[in-house]
Amino acid sequence: MADLADTSFSGRALRRRTFLRVAGATAASSALVLAGCGNDDDDPTPGPDGGTGTLVFAANDTGILNLTYLVAQIQASLYQKVVTAPPSDFTAADTAAFVDMRDHEVIYREFYKSVLGTSVYDNGLTTALEFNFTTYTLTTRKGAYEAARTLEDLAVGAYNGLGRRLANSSYLRLLLKITSVKARHAAFVRDQAEPNSFAGPDVITPTGNQAGLDTIKTPAEVAKLLAPLVPVVLVADNLMTL
Amino acid sequence: MDFLNLLARLADLDSTTAAPQLAAPRRAALGRLGQAGTALLPGLLLSALSQPATAGTLDTRTRLDVLLLVRQLAALGNELHSRALGLVAGYPALPLTATEKAGIQVIQQQEAQRVTVFSQLITDGGATLPATPRYDFTGSRNGTQTALYPDIQTNPATYLLVAQVVKDVAVRVYKSQVDFVRADAYLTETLLRSHSAEARHASHLRTMRRQRGVAVKSWVSPDDAPVAATSPAIAKVYEGESGFIQTYNASGANGQGGALVSVPFDSTLPINVATPPLSAEAILRKVAEAFDEPADAIVATNVAALFTY
């Protein structure tokens, strides 16, 4: 029974990694060197105009939490935009739901910022990043829900891909507490955009040996999908090594 | 068995059969032994293998235990929804609207798919599948006791309430099970992806109930109309969901086990951004909504037991 996942590639990869951590003092110390790198590269911060720069996520929990922090910033910003200027065809229930989701995302944003402390990627920035939502139509109910759908599904996929990469188990427990609420958001906004699409085949694998399982994205895929919204270059390659 | 495999297996034992509280010190001990040199390996072997026996009364689960549990929950859900849809002989379909029915079909089909996924993982590992249980969703255990939900096979409102409770408790229990499979990346990802799929289903069932006039949000909220505690098992399903306290261990040098930190939601974090600001109590209710709490396996198995005989 200890061999349940011996046939899986990622299972084998993890076994090897666990072995290194358990048996190798050398491996342990090189992990420390990476941890010491913090979240940023040598040239990490966006330029003063907010339009240039590179954000490199480090290969450790700090890098992971900076990515979830960025996602929460983006989502809080999107919901705030809609709450501030609701589409004319929004009902009271729509507004109440967006206010709830805005509050949840602000809570996540501030939670991650609090956990990261001075390691938060925008610690040294005088002005926060401005996100670009021009690809979305936030002036109609349908457009607002579709934008929310894109980002909530992306967040669920990102969280599902990041979970196993976290070293600190207490971070993973918190990530899981948040993941299911994000999935509830996702299902809700999907249902509003299109009835009964809460678990559609574009997010839940419809066939094959992973049928019934939800979306999962690698950090590099997440960075690529976020790129059009963010005024800096996102580099999540380091997270791929975790 | 070659040397690398032996160590990998030890690492697996370490993470999968130990309660989380015990795992970290043991890993730290293994790390120290590793640094001291391979001459100590026989000792490492013995101590790693003898630990699980001394784990006491803490909830300890193997990967097989976890797979059997999540398969049990998926199978129960599959039967509950199949009966509601009229797919099981002797159980006529509930009077759901066409739209409602289409949503339930999605949930039922995905439950069946996950039964297949988990069954495959169990049999691939050389274990056998348990016999199919007998279900009675009225909670009367086949007429041997007073029914908890006597009209569940005829009243959509009762069925949807039970469906929501079963989903919400599954979401809570998945979270606690991930701790026991972390050494296995494939299984960890499978559980995570199943966990969020469950949460999507729970959200949809809640949305359906709200559309039928029940005061319930798509996410678990202190504002939800309380679920009647028809039994102690049901009373446990939402216990502890309304708190706002979240803690974590700041990472030590090895990424584990630093000081316990409480997130200052009730003091310094600037989370109250509404215009005008919410009351202190109201913003903390939002914090409670924003985090779904884990629950031990027994919370879900006790609910499953209500409907199994």
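Got a sec to turn the phi values of region B:303-309 into Karplus ³J(HN,Hα) couplings, 6.51 cos²θ - 1.76 cosθ + 1.60 with θ = phi - 60°, whole Hz, x for Gly and Pro?
Each residue's phi maps through the Karplus curve to give 5, 4, 5, 4, 10, 10, 9 Hz.
Rounded if a/c is under 1.5, else prolate if a/b beats b/c, else oblate: with a ≥ b ≥ c from the C-alpha gyration tensor eigenvalues square-rooted, which is region A:39-241?
Judged from the Cα gyration tensor, region A:39-241 comes out oblate (a/c at least 1.5, b/c at or above a/b).
When you count, for each residue, the other Cβ atoms within 10 Å and take the mean per peptide, how do A:90-97, B:134-141 rank with the highest first?
B:134-141, A:90-97
Got a sec to turn the phi values of region B:291-297 into Karplus ³J(HN,Hα) couplings, 6.51 cos²θ - 1.76 cosθ + 1.60 with θ = phi - 60°, whole Hz, x for Gly and Pro?
10, 8, 8, x, 9, 5, 3
Amide H of B:Thr308 versus every other amide H placed in the peptide plane: which residues, excluding those fewer than 5 positions away on the same chain, fall under 5 Å?
B:Asp136
My understanding is that a pair violates if its Cα-Cα distance is over 32 Å; which of A:Lys113/B:Lys101; A:Lys182/B:Lys101; A:Lys217/B:Lys236; A:Lys142/B:Lys236; A:Lys182/A:Lys224 do that in this structure?
A:Lys113/B:Lys101; A:Lys217/B:Lys236; A:Lys142/B:Lys236
Each residue of region A:170-179 in order: what ³J(HN,Hα) in whole Hz does its phi give by Karplus 6.51 cos²θ - 1.76 cosθ + 1.60, θ = phi - 60°, with x for Gly and Pro?
So the J values, rounded to whole Hz, are 6, 5, 4, 4, 5, 4, 5, 4, 7, 3.
For A:205-218, what's the mean count of beta carbons from other chains sitting within 10 Å of each residue's beta carbon?
Going residue by residue through A:205-218 and averaging, the value is 5.
Quick query: amide H of A:Leu234 versus all other amide H atoms, modeled in the peptide plane; which residues come in under 5 Å with a sequence gap of 5 or more or a different chain?
Excluding prolines and chain starts, which carry no amide H, the hits are A:Leu55.
Using only Cα atoms, what is the ratio of the radius of gyration of region B:247-290 to 2.2 N^0.38 Å?
This ratio for region B:247-290 stands at 1.52.
If you average the C-alpha positions of region A:89-139 and of region B:209-273 separately, how far apart do those two centres end up, in angstrom?
First find each Cα centre; the distance between them is then 20 Å.
Where a number appears in this text, it was derived from the coordinates with a stated rule and is not lab data. No experiment lies behind these values; they were computed from the predicted model shown. Backbone-built Cβ (ideal geometry, glycine too); neighbour counts: all protein chains shown.
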